[in-house]
Amino acid sequence: MISARALLLADGPSDVPLGAHVTALARAHGVALDVVTPEFDRMDNPPGRTVFSRLERVLQFDADFQVLIVHRDAEGLDAAQREAEIADGMAQCDVAWPVVAVIPIRMTEAWLLLDEDAIRRVAGRPSGTESLELPNVAKIESVPDPKVKLQAALRTASGFSGRRLQKFRRDFPEHRRQLLRLLDRAGTVRQLGAWQALEVATADAANTLKSLQ
């Protein structure tokens, strides 16, 4: 097992658990990752959301990394366009580390729609029986707005109404974080093309890191 320090550029704070998933995938290929996730929203003059602006900011105070993990929801673009954005940002910053691209089709919320039990647990009613109207796995990556669908499923699963529902809805970022942390790497998500691409990218990065030792 070799060790490597990894920089995770996540779309938002609730995406931080993705680092743990990539770490687990890399460990299966003999690489132990120490993942660092900068809190851009707490910085003075936060950088924009582009890979270049965020990577440039991090390199101003820390350049001691061996691998880059970039999470970018597709949001209407195809994976190749997001990969090109990542490659361009790295080139502008003169960085040539192995890269793991995490590019869910449309949004990460699509992955979180796969586990009804987890949604009910996070909503606080694990034994609820109301229909959450979740799409089947074959249609997950074509849901127009997975975020809206996930919010609706959580609301239904909670059983709340009135003020309690209003408060519950405000907690969506934390619910999303919990669901992402609970994502079963060995479960249904492995049927999705975007997850399969993540597994391949992680394996390739791990093999590159091992070849450099």
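The values are calculated or read from the model by the stated rules, or taken from the named source; none is laboratory data. No experiment lies behind these values; they were computed from the predicted model shown. Here the Cβ is made from the backbone with ideal geometry for all residues, glycine too, and neighbour counts use every protein chain on show. Heavy atoms of the whole protein, side chains included, go into the accessibility calculation; ligands, DNA and RNA do not. Shrake-Rupley method; radii C 1.70, N 1.55, O 1.52, S 1.80 Å.
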Here the averaged projected area of segment 1-148, based on the convex hull of its alpha-carbon atoms and given in nm², is 10.7
Expected sort for 26-34, 137-145 on mean C-beta neighbours within 10 Å, highest first, is 26-34, 137-145
Computed from the beta carbon distance with a Förster radius of 35 Å, FRET efficiency for A80 and L165 to the nearest 0.05 stands at 0.30
In degrees rounded to 10, the 0-90 angle between helix 193-211 Cα long axis and the longest Cα principal axis of the chain is 30
Percent antiparallel among DSSP beta bridges confined to the chain, rounded to 5, stands at 0
Counting only DSSP loop positions in segment 67-137, the GluC sites (Glu not before Pro) whose Cβ has at most 15 other Cβ atoms within 10 Å are E75, E130, E133
Placing each pseudo-label 7 Å from Cα in the direction of the beta carbon, V137 and A24 end up separated by a distance in nanometres of 1.6
Taking r as the C-beta separation of N45 and D88 and R0 as 30 Å, the FRET efficiency to the nearest 0.05 is 0.85
Ignoring ligands and nucleic acids, T188 exposes an accessible area, probe 1.4 Å, in Å² to the nearest 10, of 60
Given Cβ charges of +1 for Lys and Arg and -1 for Asp and Glu, the option among L150, V36, A110 whose Cα lies farthest towards the positive end of the dipole of segment 30-181 is L150
Most packed first (mean Cβ within 10 Å per residue), the peptides 191-199, 90-98 order as 191-199, 90-98
Whole-Å distance linking the alpha carbon centroid of segment 56-131 with that of segment 136-213 is 10
